[in-house]
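**Q** After the structure tokens below, expect a handful of questions from me.
The values are calculated or read from the model by the stated rules, or taken from the named source; none is laboratory data. Not measured: the values here are computed from a predicted model. Backbone-built Cβ (ideal geometry, glycine too); neighbour counts: all protein chains shown. Heads up: the accessible areas ignore ligands, DNA and RNA and are worked out on the full protein's heavy atoms, side chains in. Shrake-Rupley method; radii C 1.70, N 1.55, O 1.52, S 1.80 Å.
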Amino acid sequence: MLQQPAAKYHAFPPVRLADRQWPNNVICRAPMWMSTDLRDGNQSLFEPMDATRKMRLFHSLCAIGFKEIEVAFPSASQTDFDFVRGLIEGRHIPDDVTIEVLTQAREHLIRRTMESLRGARRAIVHVYNATSKPFREFVFGMSRQEVIDMAVSSVRLVRELAEAQPDTEWVLEYSPETFTATELDFALEVCDQVTAAWGATPDNKVILNLPTTVEVTTPNVYADQIEWMHRHLARRDSIILSLHPHNDRGTAVAAAELGLMAGADRVEGCLFGNGERTGNVDLVTLALNLYTQGISPNLDFSDINAVARTVESCTQLPIHPRHPYVGDLVFTAFSGSHQDAIRKGFSVQQPGSLWSVPYLPIDPADLGRSYDSVIRVNSQSGKGGVAWLLENEYGIVLPRRLQVEFSGVVQALADRVGGEVSADDIWQLFSETYLADAAALAYVEHQLFDHAGAQGIRLGLAVDGKAQRLTGEGNGPIDAAVHALRAIGIDLQVRSYEERSIGSSVEGGNACACAFVEVSARGVSGDRYGVGIDSNIVTASIRALLSAARRVGRQSAAAQAA
Ligand code: KIV
Ligand code: ZN
């Protein structure tokens, strides 16, 4: 039993912002993105990436379209220092990409960090110190003024060292770490002092990054904090206001979205939400959320599976099968009603028209994902899924009532096996149920003839393994065959008949005919379908009739046995 939480936790105080504007705002363009996969993401791994994996991920991030990439914490490890050097000396950084590195606001670490960037064309130096009360009081034992001095003196040092390396275009980023737990007036004071110390102007903006280092509130509170800062920061036109949400409460994506509505310009995060503890905000979800609102995210996830496999291989962490947009199961419907709606949605979705397929917030094809997995069948599934798989994998479009009839057969199998039933399983079951000749009643041959204006048929069958020749007449080949079968006690009424041509996926490659005959029989409740496939349409029809007869025979045998 959980203890009474009130004794241990308390709600975070709301922000006094009576005239908040963000709830009325909409996001109408993509933010500036900064990938921290190689820094915050890397710091959180059991085993940090080696240089080869980091380089692979760096190239992948560039290919996706990230223009700012935090590549390392160079003063924290020789590996990270060397990686930055390798990027610069190996000329791996595309002209339109700026690398960023993180450093604590401490002199020797800043010096080492600036050293790592020697020779870079353009670089963002990301300085941080923690500003919240618990950090000031318990971790560092510092007054507010000492925390401000730490930030300001660090910025001055970066400025001085930057001036000594004039070939590089320098950008400063400052993060008041633990911003969301910091008193707003104090966060503002630190940030304003940093802006002034850097000498930020509209042509030389400073990035002020306001992290939810640990997510402690509902995302609307973060939005209030961002809007408050956005409205109070001095020299706002000289600032790029940046968000850095973590996902401790599972609401990082919402926090980022509301933060953008509240006035932020930029978002830092990781692909698929990698990062410390529960992760950094997932930039893929954020970008594709924009995409599905009709806004170009300026990031390319048109082959999302390739990105996912690269990230998994570099981080050695699996992506959850239900992860938004990318998980293996997120475009898969098992439930019958969902499958039915998806199938109907696909059938009316026109190329070039607004996307409106039920249950699919995005066209999987936009992410390079196939439709193959959209409908899968288990014991929860209905006729829609079964029909979809037969249609897509085997080119057979079942009549609607046959869909219902056959889905019952599939359900019985799914219940027996207790798991998913594959398209191959379904095809095998369909063949066994409808197509396979049985010793009890098998087609051998037929000839048609005309007799006094009627259609005649001579039907060669194997009945219980013995050859039989039957003759019948009727108003067409099927009617004639129905009459012929009466000679061996099979008395069927044909309820409906359809034939369709099927593609080359069935029966060895040649297009052929598929006939569906729906019959009823005295003494057997309900109607039954029979299905026949043959390159000759009459043969397909007779096979379908025999298939129906076998099914009715099985039904009546079962009824007698009961
Ligand atoms: O989460 C955080 O606060 C950070 C800072 C260093 C920006 O990663
Ligand atoms: Zn972080």
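**Q** Over all directions, average the projected area of the Cα convex hull of region 1-103 and note it in nm².
**A** For region 1-103, the mean projected area of the Cα convex hull comes to 12.1 nm².
**Q** Going by Cα centres, region 63-101 and region 397-457 are how many Å apart?
**A** Cα centres, region 63-101 to region 397-457: 62 Å.
**Q** So, one more: Accessible area per residue, 1.4 Å probe, Å², for the chain: what's the number?
**A** 45
**Q** Another one. Compute, for region 348-418, the length of the dipole vector about the Cα centre, with Cβ point charges of +1 (Lys, Arg) and -1 (Asp, Glu) only. Units Debye, rounded to 20.
**A** Here the size comes out at about 220 debye.
**Q** Sorted by average packing, counted as other Cβ atoms within 10 angstrom per residue and highest first, what order do 363-370, 205-212 take?
**A** The peptides rank, most packed first, as 205-212, 363-370.
**Q** Here's something else I'd like to know. If each DSSP helix of 4+ residues adds -39,500 (n - 2.57) and the sum is divided by the residues in the chain, what number results at 222 nm, nearest 500 deg cm²/dmol?
**A** -11500 deg cm²/dmol
**Q** Rounded, prolate or oblate for region 1-47? Axes are the square roots of the Cα gyration tensor eigenvalues, ordered a ≥ b ≥ c, and the cut-off for rounded is a/c under 1.5.
**A** oblate
**Q** Now a separate question. Rounded to the nearest 10 Å², what accessible area does GLU276 show when all protein chains are kept and the probe is 1.4 Å?
**A** That residue has around 50 Å² of solvent-accessible surface.
**Q** To continue, here is another question. Just name one of ASN475, LEU492, GLY465: the one whose Cα is farthest towards the positive end of the charge dipole of region 461-503 (beta-carbon charges, Lys/Arg +1, Asp/Glu -1).
**A** Toward the positive end, the furthest listed residue is GLY465.
**Q** Could I have the simple spin-label model distance between SER353 and ARG121, label points 7 Å from Cα toward Cβ, reported in nm to one decimal?
**A** Modelled inter-label distance: 4.6 nm.
**Q** If you don't mind, there's one more thing I want to ask. Enumerate the helices in the chain for which the Kyte-Doolittle hydropathy averages -1.0 or more and the C-alpha atoms extend at least 18 Å along the helix's axis, using complete DSSP H runs.
**A** Length and hydropathy pass: 51-64, 144-163, 184-198, 336-348, 400-417, 537-561.
**Q** Related question: Specify the inter-centroid distance of region 215-271 and region 154-208, based on alpha-carbon positions, in whole Å.
**A** 17
**Q** Okay, moving on. Please state the charge dipole magnitude for region 131-265, taken about the Cα centre, from unit charges on C-beta atoms (+1 on K and R, -1 on D and E), reported in debye and rounded to the nearest 20.
**A** In total the dipole reaches around 200 debye.
**Q** Could you tell me which residue out of ALA197, TYR222, HIS323 lies farthest along the dipole of region 178-335 toward its positive end? Charges go on the beta carbon: Lys and Arg +1, Asp and Glu -1, centred on the Cα centre.
**A** Value: HIS323.
**Q** Something else: How much accessible surface does TRP427 have with a 1.4 Å probe, in Å² rounded to 10?
**A** The accessible area of TRP427 comes to roughly 40 Å².
**Q** Same structure again: Find the relative contact order for region 1-146 and round it to a whole percent, using C-alpha pairs within less than 8 Å whose residues are 6+ positions apart.
**A** Reported relative contact order: 17 percent.
**Q** I would also like to ask the following. Taking R0 as 51 Å, what's the FRET efficiency between ASP366 and PHE138 from their Cβ-Cβ distance, rounded to 0.05?
**A** 0.55
**Q** So, how do all the Cα-to-Cα distances of the chain break down into 20 Å bins, in percent, from 0 on up?
**A** 18, 36, 21, 17, 8, 1
**Q** Where the eigenvalues come from the Cα gyration tensor of region 79-221, what are the semi-axes √(5λ) of the equivalent ellipsoid, largest first, in whole Å?
**A** Largest first, region 79-221 gives 28, 16, 15 Å.
**Q** While we're here: If you wrap a convex hull around the Cα atoms of region 408-522, how much volume per residue is inside, in Å³?
**A** About 148 Å³ per residue, rounded to a whole number.
**Q** Same structure again: Among GLY141, ALA164, ILE64, whose Cα lies farthest out toward the positive end of the dipole of region 59-168, if unit charges sit on the beta carbon of Lys, Arg (+1) and Asp, Glu (-1)?
**A** Final value for the positive-end residue is GLY141.
**Q** On the protein heavy atoms, probe 1.4 angstrom, tell me the percent of accessible surface of region 373-472 carried by carbon and sulfur.
**A** 48
**Q** Let me know the Rg and Dmax you get for region 253-397 when you use only its Cα atoms, in Å.
**A** For region 253-397, the Cα-based Rg and Dmax read 17.1, 54 Å.
**Q** Quick one: dipole size for the chain, taken about the Cα centre, charges +1 on Lys/Arg Cβ and -1 on Asp/Glu Cβ, in debye to the nearest 20.
**A** Rounded to the nearest 20 debye, it is 1140 debye.
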